[in-house]
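Everything below concerns the one structure shown next.
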Amino acid sequence: MITPRLSRDEVLGRLRRKVDSRVPIFIASAGSGLVAKLLEREGVDCVNTFSGARLRANGMGTMSMMWPILDSNRQTLDYTEQDILPAMSGDAFVCACINANDPLRDMRSVLERLKAMGVPSVSNIGPSISYVDKDSNLYDVLTKSGITFQHEIDMLALAREMDLVSIALAFDPEDSLAVVEQARPDIFCFHAGTTKGGLTGFDSGETIEETARRTEDVYEAVRSIAPETILIAHGAALETPEDGQYMLSHTSGHGFWTGSSTERIPIEKAVTETARRFASLRFDS
């Protein structure tokens, strides 16, 4: 097979046409080729890959990627090339979410490999230091050891230089402004927090109204620096299609990014229901 290739101009042209037409941009994570194929068939604009999605597809929570039990970049590189790209037709583009703080890899080499395999876009979420609370001892220890958000910013800036579509994620206003000002990403996604719902989701108790309000505050700040940046919402109380509609109606962004909402949670529901029905079958008397 030959993986379809999409250029930076082609990807951004598609997205800009949707923005101009007031059609929401839809980004979704995939931990398997089957999920990627189904997402693309249903009109997703971008399928993103990262070690958390692969672990999630194997029954673990997304945050299991934070433990030092795997080579996150190797996971992403391998399954993107072996599982995701062969399943796709080119109607959607792939964004690889990579670990910019990998001490064993030069990011230029990682980006060159992704380009060579046919990936036109990268993000900084695989994983990000931002998953760790800034007021924690762990955050202080990590940053003192050289694991910093600045490395993620630098990787995204390099991606732009290398003609890749850059998608930046940040978890708070401070990091949001820093990454947009320094890296000038094509797309900025405000990560409002771990998505609730299902077997392994985390419910912080935040309402969709609160998620929308926090997201819009960041949008306004980002827009003051880079008005041309495409703005995307993700996480926290954004769990269902109804939540997605609320975000579209109550923020000034251009779309949304789903993970568990279009992968783990629906799979849990479908397999559980179907297996339960099969398990209830009995022989005729």
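The values are calculated or read from the model by the stated rules, or taken from the named source; none is laboratory data. Note that this is a predicted model, so its numbers are computed, not measured. With ideal geometry, Cβ positions are generated from the backbone for all residues, glycine too; neighbour counts draw on all protein chains shown.
If the condition is being among the aliphatic types (A, V, I, L, M) and part of a loop (DSSP other than H, G, I, E, B), then the stretch 236-258 contributes Ala236, Ala237, Leu238. Among residues of the stretch 259-271 being touching a Leu at 6+ places or on another chain (Cβ under 9 Å) and either part of a helix (DSSP H, G or I) or at pLDDT 95 or above (or both), the one that is farthest from Leu231 (Cα to Cα) is Glu268.
Conditions tested, residue by residue: (1) of a type in the set (A, V, I, L, M, F, W, C); (2) surrounded by 14 or more Cβ atoms within 10 Å (Cβ to Cβ); (3) modelled with pLDDT under 95.
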residue: Leu85; (1), (2), (3): yes, yes, no
residue: Val94; (1), (2), (3): yes, yes, no
residue: Pro103; (1), (2), (3): no, no, yes
residue: Asp106; (1), (2), (3): no, no, no
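Looking across the stretch 272-285, just one residue is assigned to a loop (DSSP other than H, G, I, E, B) and basic (Lys, Arg), and that is Arg282.
Within the stretch 116-154, the set of residues being assigned to a helix (DSSP H, G or I) and under 17 Å from Ala178 (Cα atoms) comprises Ile129, Ser130, Tyr131, Thr143, Phe149, Gln150, His151, Glu152, Ile153, Asp154.
Out of all the residues in the stretch 1-37, which are over 27 Å from Ile267 (Cα atoms) and assigned to a loop (DSSP other than H, G, I, E, B)?
Start the filter on the stretch 1-37 by keeping residues that are over 27 Å from Ile267 (Cα atoms), which leaves 1-2, 4-22.
Residues satisfying the conditions are Met1, Ile2, Pro4, Arg5, Leu6, Ser7, Ser21, Arg22.
Looking at Leu142, Leu164, Leu158, Leu77, just one residue is among the hydrophobic types (A, V, I, L, M, F, W, C), free of Cβ contacts under 8 Å to residues at least 24 places away in the same chain and on the phi < 0 side of the Ramachandran plot, and that residue is Leu142.
Here Asn58 passes the criteria (1) buried (at least 16 other Cβ atoms within 10 Å of the Cβ); (2) within 15 Å of Ser260 (Cα to Cα); (3) at pLDDT below 95; (4) not aromatic (Phe, Trp, Tyr) except the one numbered (1). The residues listed here are Ile267, Ile225, Ile208, Ile232; of these, the one that is touching a Cys at 6+ places or on another chain (Cβ under 8 Å) and either in contact (Cβ under 8 Å) with a residue 40 or more places away in the chain or buried (at least 17 other Cβ atoms within 10 Å of the Cβ) (or both) is Ile232. Residues of the stretch 215-244 that are over 30 Å from Ile267 (Cβ atoms) and acidic (Asp, Glu): Glu216, Asp217, Glu220, Glu228.
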